[in-house]
Every structure is written in structure tokens, then in C-alpha cells.
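All of the numbers you see were taken from the coordinates with simple rules; none came from a lab. Computed from a predicted model, the values in this text were never measured in an experiment. Don't worry about glycine lacking a Cβ; one is built from the backbone with ideal geometry, like all the others, and counts go over all protein chains shown.
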Amino acid sequence: MNKVGKAEGEGSKAQARREQILAAAHACFLQSGFHGASMAVIAKAANMSVGHIYHYFENKEAIIAAIVEQDVQHVLSNIRSVRSAPRLYEAMIDKVVEGMDDVMDIGKTALMVEVLAEASRNPRVAELTQLSDQTPLKLLCELIAEGREERPALPEEEIRARAEVIAALFEGLQIRALRNPDLPRAAILPLMQDCIRLVLER
């Protein structure tokens, strides 16, 4: 194997190890909370030594940061996937189907609540959650502005307000799904689409 191939193999192995640790941490955080899930507990769940985990993550906050980043990248991927659509607003409304699948994933929601609870106690995690919100919100604002097409342009503050309302619709539904796992998804979907269409097109 040449040097390039070896480096790629080592990179893939390191990435697999990181994902193994993150999956274990995710499960531990859900079961025990951030404070109850020590590095030793995470290491046991990942079938690794604590020292091995420290090779990939400096501390537990770095693990939290990586989990949040995974979620951010997923959200960004969903938002970016509509950017080249000829009818941008219609594509965004169609994308609500996938967005609802995400927000009604109880495991993801429970972890989000755990992260936000930790953010209320830990300034570094609070900063992390605030920063992680900025890029998706900025991209959503750009899509709202681009999708105006023949409609009158909106001031920046109004675009931001619309993006915040759309985010609030999804985040609010996340909490509802956690409180009531039997939400009538099929009935809610067209209502969500109607709400987002109103926010986008008014």
C-alpha cells in the first residue's frame, strides 16, 4: 500500500472510531444524562479504554460538540438540498416531510433537550449551542430571500423573523413529540406545510 492509501485507510479507521465513540456517548447521555455519563461509562459502552477515547476527544464537552455538529450537518444538508430547485419555496415546503421525520425521532429530541439543559448550566455548552444555530439559520434566511422571486424584497429583520418562526415550528413539534409520542403525523404534516407556506409567501 502506498503512502496515500495508507493515510486514507488510517483516516477511515479514525473516523470509524470517532463514530463508535459518539454512538456510545449518545446512548449513555440518553440513559444517564451528561453528568451521569462519565468518560469511564462511555468508554465501557464503546468497548474502549478511557485513554483510547481521549486520543479522539479532549473531554466530554468535545464529545458533546461533535454530537451537536453531526446534527447541524444533517440540518444543513437538508436545507442545501433544495437550493437548486426551480421553485424554491415549493421545494422547501415539500422538504417538510423529511423535517418531520427528524423532529419526531424521540431519541434525537431527548438528546437535544439534554444538550439544552446542560447549556443552562455550562457556559461553554451554551456558547456551542448558540453557535451551532447560526449557520443553519443564516442559510435558511438566504433561501427565504432567494425564494421571493417576483415578490417584493423583504428587509433583513423580516427575513430573520420568518426563519425564526419556521425553526420554532419544528422545534416546538419536537417537544410535542417527546411529550406525546402518538402525535397524528399524517394529519399534522399538511398543517405544517400550510403554516410554512404562509410564513414564506405572505
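Brief remarks follow.
- Residues of region 111-154 with an amide N closer than 17 Å to a point placed 7 Å from the Cα of A62 along the Cα-to-Cβ direction: 124-125, 128.
- Structural descriptor for region 1-126: relative contact order 23 percent, calculated from alpha carbon pairs under 8 angstrom and at least 6 residues apart.
- Averaging the Cα positions of each part gives two centres, and for region 28-64 and region 77-108 these lie 32 Å apart.
- Across K13/K60; K44/K138; K108/K138; K13/K138; K60/K95, pairs whose alpha-carbon gap is larger than 30 Å: K44/K138; K13/K138; K60/K95
- Each Lys and Arg Cβ is given +1 and each Asp and Glu Cβ -1; about its Cα centre, the chain then shows a dipole of about 560 debye.
- When the Gaussian network model of the chain links Cα atoms closer than 10 Å, the mean-square fluctuations of M39, M48, M192 top out at M48.
- Considering only Q134, H74, H52, the residue lying farthest towards the positive end of the dipole of the chain is H52, judged by Cα position with unit charges set on Cβ.
- Helix axis angle, 106-119 relative to the chain longest principal axis, alpha carbon, degrees: 80
- Cα→Cβ-extended label distance, 7 Å offset, between D182 and E69, nm: 4.2
- Per-residue 3J(HN,Hα) values for region 140-147, derived from phi via the Karplus relation 6.51 cos²θ - 1.76 cosθ + 1.60 with θ = phi - 60°, read 5, 4, 4, 5, 4, 5, 5, x Hz in sequence order (x marks Gly and Pro).
- Using a Förster distance of 30 Å, the FRET efficiency for A110-V199 (Cβ separation, nearest 0.05): 0.65
- Residues listed by number, region 116-154, amide nitrogen under 13 Å from A161 label point at 7 Å toward C-beta: 154
- With Cα atoms, 0 to 90° folded angle of helix 156-179 axis to the chain main axis: 60
- Sorted into 10 angstrom bins from 0, the C-alpha pair distances of the chain split as 8, 29, 30, 21, 11, 2 percent.
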